Amino acid sequence: MIYLLDANVFIEAKNRYYAFDIVPAFWTWMDNVVAQNVRTITMVRDELMVKDDPLGEWMRDRKDADWVLPVDDEATQLAFAEIVVELGNSSYLQPGIDKFLSGADPWLIAKAKALGATIVTHEVADEHIRKRVPIPNLCGSRSIVCLNTFETMRDLQAKFEHHG
């Protein structure tokens, strides 16, 4: 199983539960787990690299890492095109569609579809929302599983233990 991380996974970890100064072990774990089956895409990397904070620095140090996947392959491009068509025929409001299509989220979904990967995001499905497009709303019809950080960490059997 490949896990594809949304930008909000990194941002929430830095801002809340796993701040660099409180739980540096989380970021060490990230460096180890990405060598196995955790990935992200170039657009997520690019969103995070521009930040002038510890997360931006952390990502800049890994900007050429092989766990940061490009989206220029044919399967991802075709999956992206399907998302564009679906949104054009949807009841989402156009400003929300435009914002969604201008960011990393549709590419994350397209890459997950191309790889048969699971998306890790803090977003939750909401079938009634029309002003924005949540990632999980487009995953079900594509047979893409969405998990949050904590579900993923349990899947990957993460453990942060203090010795001392």
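The values are calculated or read from the model by the stated rules, or taken from the named source; none is laboratory data. Everything numeric here is computed off the predicted structure, so don't read it as measured data. Every residue, glycine among them, receives a Cβ derived from its backbone with ideal geometry; neighbour counts consider all protein chains shown.
Counting only helices (runs of 4 or more DSSP H) that sit wholly inside segment 4-63, not one has at least 3 residues that are β-branched (Val, Ile, Thr) and over 13 Å from the mean Cα position of the chain (by Cα). Among the conditions (1) among the small types (Gly, Ala, Ser); (2) free of Cβ contacts under 8 Å to residues at least 60 places away in the same chain; (3) over 19 Å from VAL145 (Cα atoms); (4) not in a loop (DSSP other than H, G, I, E, B), the only one that SER91 does not satisfy is (4). Just one of the listed residues (ARG16, ARG60, ARG39) is in contact with a strand residue (DSSP E or B) (Cβ under 8 Å, 6 or more places away or on another chain) and not β-branched (Val, Ile, Thr), and it is ARG39. Of the residues that make up segment 28-50, is at least one modelled with pLDDT under 95 and among the small types (Gly, Ala, Ser)? Yes, some residue in segment 28-50 is modelled with pLDDT under 95 and among the small types (Gly, Ala, Ser). In the set LEU87, LEU48, LEU55, LEU78, only one residue is over 23 Å from VAL124 (Cα atoms), among the aliphatic types (A, V, I, L, M) and crowded, with 18+ Cβ neighbours inside 10 Å; that residue is LEU55. Taken over segment 67-100, the criterion of being closer than 16 Å to ILE129 by Cβ and aliphatic (A, V, I, L, M) is satisfied by LEU87, LEU93, ILE97. Selection of segment 137-150 for residues being at pLDDT 95 or above, closer than 18 Å to MET1 by Cα and assigned to a helix (DSSP H, G or I) yields only CYS139.
Checking ASP98, ASP105, ASP155, ASP72 one by one, the residue that is acidic (Asp, Glu) and under 12 Å from the mean Cα position of the chain (by Cα) is ASP105 and no other. Test ARG39 against the criterion of being buried (at least 16 other Cβ atoms within 10 Å of the Cβ), within 17 Å of LEU108 (Cβ to Cβ) and without any contact (Cβ under 8 Å) to a residue 40 or more places away in the chain, and give yes or no. The answer is no for ARG39.
Residue-level check: of (1) assigned to a helix (DSSP H, G or I); (2) under 27 Å from PHE20 (Cβ atoms), ILE97 misses just (2). Residue pairs whose Cβ atoms lie under 6 Å apart, sitting 6 or more positions apart in sequence or on different chains, and linking a residue in segment 136-164 that is within 28 Å of LEU78 (Cβ to Cβ) to a partner that is among the small types (Gly, Ala, Ser) and crowded, with 16+ Cβ neighbours inside 10 Å, are ILE144/ALA112.
Counting only residues that are free of Cβ contacts under 8 Å to residues at least 40 places away in the same chain and among the charged types (D, E, K, R), segment 11-36 holds 3 of them.
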